[in-house]
Amino acid sequence: MITQEQLKEAVERKDALKRYLDVDNKKIQIEEEELRTHVPDFWEHPKEAQAQMKKIKDLQAWVDGYREIETAVDELQNGWDFYKEELLEEAELDAMYATAMEKIEALELRNMLRREEDHMGVVLKINSGAGGTESQDWAQMLMRMYLRYCEKHGYKTSIANLLEGDEAGIKSCTINVEGDFAYGYLKSENGVHRLVRVSPYNAQGKRMTSFASVFVTPLVDDAIEVKVETALMSWDTFRSGGAGGQNVNKVESGVRLRYQYTDPYTGEKEEILIENTETRDQPKNRENALRHLRSILYEKELAHRMEEQAKVEAGKMKIEWGSQIRSYVFDDRRVKDHRTNFQTSDVNGVMDGDLDGFIKAYLMEFSGNEE
């Protein structure tokens, strides 16, 4: 049974969100931005038009999100009065409170994502660590975990590249994730993930430790200007492996892009290597590889602009003991994030994509350092 103090807190948090989000001003902005779409030649410039429509959509999402909270809290207040008059069951009132708080916390969390790249999609790459089949199996389990997370949150995913393991699992994979604020939420997953379990691949049934790394980069869309020097690019083609019929094996649809990058700030040189086997259409795979390259270049520039290069380099840890951001200990029924100390005993839920608790704890602790 909720208390009057809890009801008061829900109302106060609703009112605070209205102030933080400046909802009334956003409504005025929407009207002004919609007027810009009424000019006769609006759609003659598709790129600018799409950017304008996205701007309106983003503003509307904040207003709609607040309206949902307003409605839920109003219903909760009415429900409290009905309960006092014995017209509503206690369980119904508790359910209304849970719904209102869920919506409030979701919008509060999204309000913490204020950096310009937070609203973008994600390029998420998983690499297995040393350890052969055991680590490759772990990398595949992480791939499934993130795909399930994205499915639950309505994000669109596509496998840009997949390198299967020697006996089981995967050596590496690259997943493109599209959806509002995908990067803002999933940036918390960047780092080394450690698994401890009794290995099904060990004949003695010993407890084994495996590692896999996850790298998260903003997925750049066409609205972001990124300079790519064509003279620094070279292409190879190859036959895509794995299942898919005779066409996959006979046609060189897979593409490998090499980009000779020189850091404009440090002068350091490196070769950026991107492989894409997402489709059987080589031109489409080239397009996807270029998009991935633009995302990488954007992330590099972003790191300099935000003066976080040292932090980024520190994040590129070796896949070994002591460097993990999170441990998954199956025998002890425990998953713990070492940055926030958030942990849960629901191992199955986590491996099925329930990462919201970890992401919320990360944003609550670190979002203030990103301003």
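The values are calculated or read from the model by the stated rules, or taken from the named source; none is laboratory data. Worth saying up front: this structure is predicted, and the values here are computed from it rather than measured. Please note: Cβ atoms are built from the backbone with ideal geometry, for glycine as well, and neighbour counts cover all protein chains shown.
The table below gives the values:
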read-out: Options Gly132, Gly79: the member that is over 22 Å from the mean Cα position of the chain (by Cα) and not assigned by TED's automatic domain parsing to the domain that holds Lys14; value: Gly132
read-out: Test: Ala168 is in contact with an Asp or Glu (Cβ under 7 Å, 6 or more places away or on another chain) and part of a loop (DSSP other than H, G, I, E, B); value: yes
read-out: The lone exception for Val196 - which of (1) surrounded by fewer than 23 Cβ atoms within 10 Å (Cβ to Cβ); (2) free of Cβ contacts under 8 Å to residues at least 60 places away in the same chain; (3) part of a strand (DSSP E or B) it fails; value: (2)
read-out: Any pair with Cβ under 8 angstrom, 6 or more apart, that starts in the stretch 65-85 at a residue that is without any contact (Cβ under 8 Å) to a residue 60 or more places away in the chain and ends at one that is outside any helix (DSSP H, G or I); value: Gly79/Leu88; Phe82/Leu88; Tyr83/Glu89
read-out: Verdict on Tyr83 being of a type in the set (Phe, Trp, Tyr), more than 29 Å from Arg280 (Cα to Cα) and at pLDDT 90 or above; value: yes
read-out: Elements of type helices (runs of 4 or more DSSP H) in the stretch 233-341, at least 1 residues being modelled with pLDDT of 70 or more and surrounded by 12 or more Cβ atoms within 10 Å (Cβ to Cβ); value: 282-305
read-out: So Glu116, is it over 23 Å from Ala16 (Cβ atoms) and acidic (Asp, Glu); value: yes
read-out: Candidate set: the stretch 1-26, residues that are among the β-branched types (Val, Ile, Thr) and either in a helix (DSSP H, G or I) or at pLDDT 95 or above (or both); chosen: the one surrounded by the most Cβ atoms within 10 Å (Cβ to Cβ); value: Val23
read-out: Unique residue being surrounded by 18 or more Cβ atoms within 10 Å (Cβ to Cβ), more than 30 Å from Ser213 (Cβ to Cβ) and within 24 Å of the chain's Cα centre (by Cα) when the list is Ile126, Ile104; value: Ile104
read-out: Residue list for the stretch 38-66, filter: over 20 Å from His119 (Cβ atoms) and either assigned to a helix (DSSP H, G or I) or not acidic (Asp, Glu) (or both); value: His38, Val39, Pro40, Phe42, Trp43, Glu44, His45, Pro46
read-out: Hits in the stretch 141-162 - residues which are in a strand (DSSP E or B) and either aromatic (Phe, Trp, Tyr) or in contact (Cβ under 8 Å) with a residue 60 or more places away in the chain (or both); value: Ser158, Ile159, Ala160, Asn161, Leu162
